[in-house]
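Below is one structure, written out as C-alpha cells; the observations come after it.
The values are calculated or read from the model by the stated rules, or taken from the named source; none is laboratory data. Given the structure is predicted, the values throughout are model-derived calculations rather than measurements. Don't worry about glycine lacking a Cβ; one is built from the backbone with ideal geometry, like all the others, and counts go over all protein chains shown. Accessible surface is based on the protein model in full, side chains and every heavy atom, while ligands, DNA and RNA are left aside. Shrake-Rupley method; radii C 1.70, N 1.55, O 1.52, S 1.80 Å.
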Amino acid sequence: MQNNNLDTYKLLFLIKGILTLCFSLFFVIYGLIGVFIMIGTHSHHEFIDAPFNPAYIFIIVSGVGFLFTIAMGTLALVASNYLKHRKNYNFIYVVAILNALTGILGILLAVFTLIELSKPEVKKLFDK
C-alpha cells in the first residue's frame, strides 16, 4: 500500500460535513427569530408605515443560509464516501474547491486535499 493521506482526508471531510450540517441549525433559529419579529410586528402594528417588514430579511437570509449549509454538508459527506472508495476524482476536486468558501477550516481542508489529489500516485488510485 502506498503512503497517502486519503483516509485522513476522508475522515476530515466526514467531520466537516457533520459540523456543517449542525451549523445549519443556526439558520433555523435565525429564521425563527424572523418569524417571531413578524408575529410581533403584526400584533403591535409598529411597522405599518415602513416600506417592508424587517422580518423578511431574517427569513430570506435564514432560508438561503440553511440551503447553502445543507448543500455543503451533504457534498462533504458524499466526498468523504468517494474518498473511501477511491472514485469520482473530479467530484472530490470540485468539492474541495467549494470548501474553500466556508471559512478557515474549509480553506485548510481544500488546500491540503488539492495538494494530495495532485500527486501522481493518488491519481493512479482513482484510475483503477
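Scanning segment 113-122 for residues that are touching a helix residue (DSSP H, G or I) at 6+ places or on another chain (Cβ under 7 Å) and farther than 11 Å from ILE97 by Cα yields GLU116, LEU117, VAL122.
The set of residues in segment 112-128 being open to solvent by 70 Å² or more (accessible area, probe 1.4 Å) and outside any loop (DSSP other than H, G, I, E, B) consists of PHE112, ILE115, PRO120, LYS123, LYS124, ASP127.
Conditions tested, residue by residue: (1) of a type in the set (S, T, N, Q); (2) at pLDDT below 95; (3) more than 21 Å from ASP7 (Cβ to Cβ).
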{"residue": "PRO51", "(1), (2), (3)": "no, yes, yes"}
{"residue": "PRO54", "(1), (2), (3)": "no, yes, yes"}
{"residue": "ILE59", "(1), (2), (3)": "no, yes, yes"}
{"residue": "GLY63", "(1), (2), (3)": "no, no, yes"}
{"residue": "ILE70", "(1), (2), (3)": "no, no, yes"}
{"residue": "SER80", "(1), (2), (3)": "yes, no, no"}
{"residue": "PHE91", "(1), (2), (3)": "no, no, no"}
{"residue": "LEU109", "(1), (2), (3)": "no, yes, no"}
{"residue": "SER118", "(1), (2), (3)": "yes, yes, no"}
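Do you know which of the residues in segment 68-101 that are of a type outside the set (A, V, I, L, M) and open to solvent by less than 40 Å² (accessible area, probe 1.4 Å) is nearest to LYS124 (Cα to Cα)? By that ranking, first place goes to SER80.
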